[in-house]
Every structure is written in C-alpha cells, then in structure tokens.
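This report refers to the structure that appears directly beneath it.
The values are calculated or read from the model by the stated rules, or taken from the named source; none is laboratory data. Keep in mind that this is a model prediction, so the values were computed, not measured. Ideal geometry is used to build each Cβ from the backbone, glycine not excepted, and the neighbour counts take in all protein chains shown.
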Amino acid sequence: MCGIVGAVAQRDVTPILVEGLKRLEYRGYDSCGVAVYVDGALRRTRSTQRVAELEREIQQEQLAGFTGIAHTRWATHGAPATHNAHPHFSGQNRGEPRIALVHNGIIENHDELRSELRAAGYEFESQTDTEVIAHLIDHNYDGDLFAAVQQATQRLEGAYAIAVFCRDEPHRVVGARQGSPLVVGRGQDENFLASDALALAGTTDQIIYLEDGDVVDLQLARVWIVDGQGRQVERAVHTVHSHTAAAELGPYRHYMQKEIFEQPRAVADTLQDIETITPELFGDEAYKVFKEIDNLLILACGTSYYAGLTAKYWIESIAKIPVNVEIASEYRYRDSVPNPRSLVVTISQSGETADTLAALKHARGLGMENTLTICNVSTSAMVRECKLNYITRAGVEIGVASTKAFTTQLTALYLLTLALAQSKGRLADEQEAEGLKALRHLPVAIQAVLALEPQIMAWADRFAAKENALFLGRGMHYPIALEGALKLKEISYIHAEAYPAGELKHGPLALVTEHMPVVTIAPRDELLEKLKSNMQEVRARGGELYVFADADTKIASEEGMHVIRMPEHYGKLSPLLHTIPLQLLAYHTACARGTDVDKPRNLAKSVTVE
C-alpha cells in the first residue's frame with residue numbers, strides 16, 4: 001500500500017525519486033520522504049504533507065545525490081508523523097547514521113526484534129516496525145551491505161519489500177521482497193528499484209519482477225539477485241511500457257472522474273474484439289479444467305468481492321454451477337470443507353492484494369489446484385500463482401475508489417460465465433450470439449449512462465448535507481447496491497449501508513425518516529413489482545427515495561420520489577450499467593462536500609498488507 005523508489009546512478013537521482021513518488025502517491029499519502037548520499041553522509045527530507053510539498057522542501061534544502069531511496073507511506077505501525085515517516089536511519093548510536101531504509105509491509109515479530117536491539121544498545125525514534133529492520137541490518141553490518149540484508153531478512157516474519165543503502169558503500173542499493181511487490185529497473189550504468197513499474201516510467205522500460213525471497217544488489221553496472229535459499233538466479237527482463245499519459249488528468253477535475261469516463265474504452269479493450277466464446281480465452285488448459293470442475297470458490301476483497309457476488313448470480317443462472325463467494329481475509333482463517341473439483345477464482349485489480357494472495361495459497365494448500373484469476377496486471381504475483389487467468393484492460397487506476405477496474409472485472413466475469421456454460425453444454429448457439437452482442441454493445445450503453453451526469457449532479461447537492469444513506473437492490477443488483485454504498489462512504493465520508501430491498505422490514509426500516517435518503521436500483525426485471533412494494537414501505541415512513549429506474553418501469557417522479565431514467569434495460573448485464581450512476585453520485589457528492597476524492601482519508605490503493 002506504500003510506495004518505494006530507489007536509484008543508483010552517476011547523476012542526481014533526486015528528481016527521479018520525486019517523480020516516482022508522485023506516480024505512487026495514490027498508494028499511500030500519510031507521509032513521504034527521500035534520503036540520498038551527499039558528501040560522505042546520509043541526508044534526508046521527510047514530510048507529513050503531500051509529495052508536492054516534499055519536493056519544495058527538497059529544492060529549498062538543495063538536496064541532491066547519486067544514490068538514494070524514497071517512500072510514500074500508508075500508516076500501519078505508528079501515527080502519520082514526521083518521526084514515523086520513511087526513510088529510517090540507523091547507526092546513530094555510533095555517531096553519524098550509516099543505514100537508510102524504506103519498507104512496505106508488516107513485520108509481525110517486530111516486538112521481539114525491538115527488545116533484542118534495545119539490549120544491544122539501539123535507541124528507537126519511531127513507533128514503526130520499519131525502524132527495527134534498519135537497526136537489524138546495521139547490527140549485522142560488517143562491510144558488506146548485501147550480506148547484512150540477507151542475514152536480516154532471515155529473521156523477519158511477515159510481509160516486506162525493502163530498499164536500503166549504506167553510507168560506507170555509496171554506489172550500492174540493496175532490495176528484498178517477501179509478500180510485497182518490488183521491481184528492478186535496468187538502465188545504462190544506472191539501476192533502479194520500485195514497488196511498481198509505473199514509478200519508473202520515462203526513466204527505464206526494462207523491468208525485472210522479483211520473486212518472494214529474492215534479495216537484489218544494485219550497483220552502477222550490475223544487478224545481482226539471489227533467491228530465498230541464497231542461490232544466484234536470473235530473472236527475466238521485461239520491456240514494460242507504463243503509459244505516463246494514464247497519470248495525467250487532462251480535462252478532468254480528479255482521477256476518479258477521469259477513470260469513470262474511461263470505462264467505455266476500458267470495457268472495449270477488455271473484450272479484445274472477441275469473436276467466439278471459448279474456454280481457451282482463460283488459458284490453454286481451461287477447457288480441460290472447466291470440464292472437470294463442479295463448483296466455483298470466488299475469493300476477493302472490497303469492490304472485487306462485490307464483483308464476485310454479482311458473478312454468482314450469473315454463473316448459477318446461466319452455467320448452472322454452484323458458486324461460493326468468500327471474503328479473502330476471512331476465508332483463510334476459518335475451517336472450511338475443501339473440494340478438489342472446485343475452480344478457485346481470485347479477483348484483484350493489482351494482483352498483489354495480500355489477503356487474496358494468502359487465501360489463494362490457503363486454498364491450494366487444501367488441495368484445490370484448479371485456479372483462475374481475473375486481474376488487471378499481467379505480471380502480478382496472482383497471475384503467476386494461478387493456472388488460468390483473464391487479464392482485464394482497465395489500464396492504470398489511480399483513484400483509490402475503484403471504478404473502471406470494477407466494470408472490467410464484471411465484463412471478464414460475464415465472459416467466464418458464458419465460457420463455463422459452453423464447456424458444460426449449457427450455452428446454445430443463439431445464447432452465445434446474444435451474449436456476444438450484448439457485450440459488444442456495452443461501451444455504447446455505458447456512454448449513454450454517463451450522459452446522465454448533469455441530473456446526478458443535482459442529486460449530489462442534496463446528498464452533500466446528509467450524514468447517512470441507504471442503498472437498496474434486489475437479486476443480482478443487490479451487490480451493486482453494496483458497491484454504491486461503499487463508493488459513497490469511501491470518498492464522501494457519508495455513512496452508507498446497502499440491503500436487499502426485501503430485508504427492509506426485518507430491521508433497516510427503523511432507520512428511515514425524511515432525513516434518510518434511500519437510493520434504489522430499479523431495473524425492469526422479474527423482481528420489479530416486489531421492489532415497488534419495498535419502495536412503498538419507505539414512502540409510508542416519510543423516507544426520501546432516489547431511484548435509478550429503467551425507462552419502462554412506470555416509476556415516475558413525485559413528492560418524496562426522485563427518479564432518473566436509465567437509457568435502456570440491459571438484461572443480465574444490467575448490474576454493470578447500474579454501477580455507473582452510483583459512481584457518479586458518490587463522486588459528485590464528495591466534490592460538493594469538498595473531500596479529497598482521489599486520496600480519501602485512511603485509505604490507499606493496492607492493499608499489500610494484511
């Protein structure tokens with residue numbers, strides 16, 4: 001969830017470090033900092049402000065050096081404060097500091113190590129688990145930083161990606177990873193480290209993805225990698241074109257707004273001009289795997305979990321295969337009944353989500369080897385861990401609240417539904433043709449929904465004064481109500497909850513007053529009349545309804561009933577279309593309340609810690 005950048009070069013690396021932090025700031029913005037080697041000493045600048053303020057401080061202090069590391073933080077251990085900000089130093093007990101370190105992840109045995117290091121004479125300036133690693137490396141240091149890092153990582157329990165350099169070896173940066181992503185960028189007589197290749201866009205496109213247990217030694221003209229057993233290994237170099245345009249706002253006010261409006265293109269790219277439905281869309285072994293399995297286990301977190309809940313309705317209805325959907329962080333810690341004939345499906349934007357990766361490994365440990373991931377990053381750990389995959393083409397998503405990643409996940413999951421149905425002999429030719437036609441029309445249909453933005457902005461002005469909201473949906477639109485409530489609470493800080501509309505009378509109706517807006521998803525489906533009865537329950541208690549209704553539902557605006565008409569009914573893909581106005585409602589409500597839309601408090605992108 002934090003961001004790391006490191007560099008060793010024959011030029012001032014500070015601009016590279018700062019630019020990398022700007023690109024990674026969406027992954028953590030509680031604090032940030034840079035450390036470089038200057039005239040025989042380590043110097044650093046840290047800030048609890050944003051990277052732009054850090055850059056001003058660096059310029060004022062004229063900080064420059066040819067070796068350095070940088071970090072943008074999402075707080076885990078210790079409050080957001082300058083003394084807890086990275087980089088952390090060690091060696092002060094011997095005079096000038098000699099070790100500088102940045103870290104992503106969580107060290108679970110930090111208390112035990114802290115006690116040992118205090119007994120050895122180390123003083124701690126922060127409440128972080130990271131400072132423990134810096135002191136441990138310094139304690140092990142005997143003239144060889146690489147060896148000291150190797151020794152230290154053998155003692156660490158938990159997840160980490162680290163970048164470290166030493167005052168006494170100024171042309172060297174050492175990195176290590178376990179459960180948290182870290183990449184190497186190759187250059188000409190210069191080399192780089194980062195937690196994401198995006199941070200190095202424009203600096204290098206030659207990227208090495210480190211594996212768990214790897215320790216890497218970066219010097220000016222060499223990259224040396226050993227694995228967890230200490231064996232020298234070669235990792236493939238990939239040419240990665242991280243499009244810097246994805247990190248530019250253009251005419252939009254926020255990245256979230258930009259990404260909402262990128263959804264027609266993202267969905268079209270995800271569909272990849274598919275001509276026929278075939279299991280091989282998900283990998284060469286997919287046909288064999290799909291024939292063998294008799295149920296699905298979907299593992300995901302947050303927004304991706306809601307995508308999985310939606311897919312359950314599709315798969316059970318169309319492919320007639322039972323589906324269980326589990327919150328990844330809960331699944332791995334409970335006793336469950338494994339089925340070796342399950343297809344384990346993970347869903348993740350980054351492919352590095354720690355809870356989902358751990359749940360996947362847990363499922364495999366229980367003997368469920370048929371695995372598939374829906375993921376937006378082809379080079380991620382999740383793709384490498386799974387037998388099958390489908391890569392969405394959402395592009396870089398910088399807004400912390402997921403939008404285009406969600407709709408492309410739904411697109412891929414509907415493709416999976418059709419492919420599973422076909423493999424089981426449950427997809428007639430005319431159904432395949434209809435499904436493909438509906439999918440191809442999605443970008444146009446999304447564009448039509450985006451045209452509702454002015455009407456939704458008017459609603460947002462009313463919502464801005466509220467502190468609570470309810471979201472209602474039925475059937476396969478219930479997960480979309482959950483997603484709508486999550487979006488509103490994430491970025492506007494309005495408390496929002498979602499319920500199946502039929503559950504109103506079993507408790508939530510007690511909350512309904514004229515002060516409680518009730519957002520309702522009203523498609524023209526077999527549950528419409530039931531939903532209308534639930535809406536009347538709200539009106540009878542003086543509740544204020546805000547309804548996204550399909551054009552032919554015969555739901556009209558009147559006192560206490562505000563209606564925005566969707567352009568068309570979209571059958572099984574209706575949940576995907578109804579997602580769009582809920583995103584816009586959350587976005588414009590947050591704008592009206594003046595919150596930090598792209599960087600909501602206490603949150604960050606790509607949750608790589610447990």
* Asked: Residues of the range 528-553 being touching a helix residue (DSSP H, G or I) at 6+ places or on another chain (Cβ under 9 Å) and assigned to a loop (DSSP other than H, G, I, E, B), which ones?
  -> ARG541, GLY543, THR553
* Any chance SER533 is free of Cβ contacts under 8 Å to residues at least 24 places away in the same chain, more than 18 Å from PHE463 (Cα to Cα) and hydroxyl-bearing (Ser, Thr, Tyr) -> yes
* Run ASP525 past the list (1) touching a strand residue (DSSP E or B) at 6+ places or on another chain (Cβ under 8 Å); (2) in a loop (DSSP other than H, G, I, E, B) and report the number of the one that doesn't hold. => (1)
* Asked: So which residues in the range 1-21 are polar (S, T, N, Q) and either part of a strand (DSSP E or B) or within 15 Å of ARG172 (Cα to Cα) (or both), if there are any at all?
  -> GLN10
* To do: From the list LEU410, LEU420, pick out the single residue that is buried (at least 24 other Cβ atoms within 10 Å of the Cβ) and closer than 28 Å to VAL563 by Cα.
  => LEU410
* Out of ASP129, ASP111, sole residue that is without any contact (Cβ under 8 Å) to a residue 40 or more places away in the chain, out of contact with any Phe, Trp or Tyr (no Cβ under 8 Å at 6 or more places or on another chain) and not aromatic (Phe, Trp, Tyr) -> ASP111
* To do: Have a look at GLY91, GLY95 and point out the one that is at pLDDT below 90 and either loosely packed, with under 13 Cβ neighbours inside 10 Å or under 28 Å from GLU397 (Cα atoms) (or both).
  => GLY95
* Asked: When the residues of the range 22-54 are filtered to those that are among the hydrophobic types (A, V, I, L, M, F, W, C) and in contact with a Cys (Cβ under 6 Å, 6 or more places away or on another chain), which remaining residue is surrounded by the fewest Cβ atoms within 10 Å (Cβ to Cβ)?
  -> VAL51
* Got a sec? Which helices (runs of 4 or more DSSP H) wholly within the range 226-320 have at least 3 residues that are under 18 Å from the mean Cα position of the chain (by Cα)? -> 255-261, 263-271, 302-314
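Residue by residue, here is whether (1) without any contact (Cβ under 8 Å) to a residue 12 or more places away in the chain; (2) farther than 15 Å from LEU582 by Cβ; (3) assigned by TED's automatic domain parsing to the domain that holds HIS578 holds:
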{"residue": "ALA458", "(1), (2), (3)": "yes, yes, yes"}
{"residue": "ASP461", "(1), (2), (3)": "no, yes, yes"}
{"residue": "ALA469", "(1), (2), (3)": "no, no, yes"}
{"residue": "GLY475", "(1), (2), (3)": "no, yes, yes"}
{"residue": "ALA496", "(1), (2), (3)": "no, no, yes"}
{"residue": "ARG524", "(1), (2), (3)": "no, yes, yes"}
{"residue": "GLU537", "(1), (2), (3)": "no, yes, yes"}
{"residue": "GLU559", "(1), (2), (3)": "yes, yes, yes"}
{"residue": "MET566", "(1), (2), (3)": "no, no, yes"}
* Asked: In the range 27-52, how many are touching a residue at least 24 places away in the same chain (Cβ under 8 Å) and either assigned to a loop (DSSP other than H, G, I, E, B) or of a type in the set (Lys, Arg) (or both)?
  -> 9
* **Qualifying residue in the range 211-220 (condition: in a loop (DSSP other than H, G, I, E, B), buried (at least 24 other Cβ atoms within 10 Å of the Cβ), assigned by TED's automatic domain parsing to the domain that holds ASN104 and not hydrophobic (A, V, I, L, M, F, W, C))** => no
* Confirm whether GLU385 is crowded, with 24+ Cβ neighbours inside 10 Å, modelled with pLDDT under 95 and either aromatic (Phe, Trp, Tyr) or farther than 28 Å from ALA522 by Cβ (or both). => no
* Out of the range 413-465, which residues are more than 25 Å from TYR305 (Cα to Cα) and β-branched (Val, Ile, Thr)? -> VAL444, ILE456
* To do: Consider HIS77 carefully, then state whether it is within 23 Å of THR45 (Cβ to Cβ), touching a residue at least 12 places away in the same chain (Cβ under 8 Å) and crowded, with 23+ Cβ neighbours inside 10 Å.
  => no
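Matching residues to (1) of a type in the set (Ser, Thr, Tyr); (2) assigned by TED's automatic domain parsing to the domain that holds ALA161; (3) within 29 Å of LEU427 (Cβ to Cβ); (4) touching a Gly at 6+ places or on another chain (Cβ under 8 Å):
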| residue | (1), (2), (3), (4) |
| --- | --- |
| SER317 | yes, no, yes, no |
| LYS320 | no, no, yes, no |
| TYR333 | yes, no, no, no |
| PRO338 | no, no, yes, yes |
| THR373 | yes, no, yes, yes |
| CYS386 | no, no, yes, no |
| ALA405 | no, no, yes, no |
| LEU410 | no, no, yes, no |
| LEU415 | no, no, yes, no |
* Is there any pair linking a residue in the range 386-399 that is under 15 Å from LEU413 (Cβ atoms) to one that is basic (Lys, Arg) and surrounded by 24 or more Cβ atoms within 10 Å (Cβ to Cβ), with Cβ under 7 Å and at least six apart or on different chains, and which? -> ALA394/LYS404
* **Positions within the range 274-326 being farther than 23 Å from GLU352 by Cα and of a type in the set (Val, Ile, Thr), in sequence order** => ILE274, THR276, ILE277, THR278, VAL289, ILE293, ILE315, ILE318, ILE321, VAL323
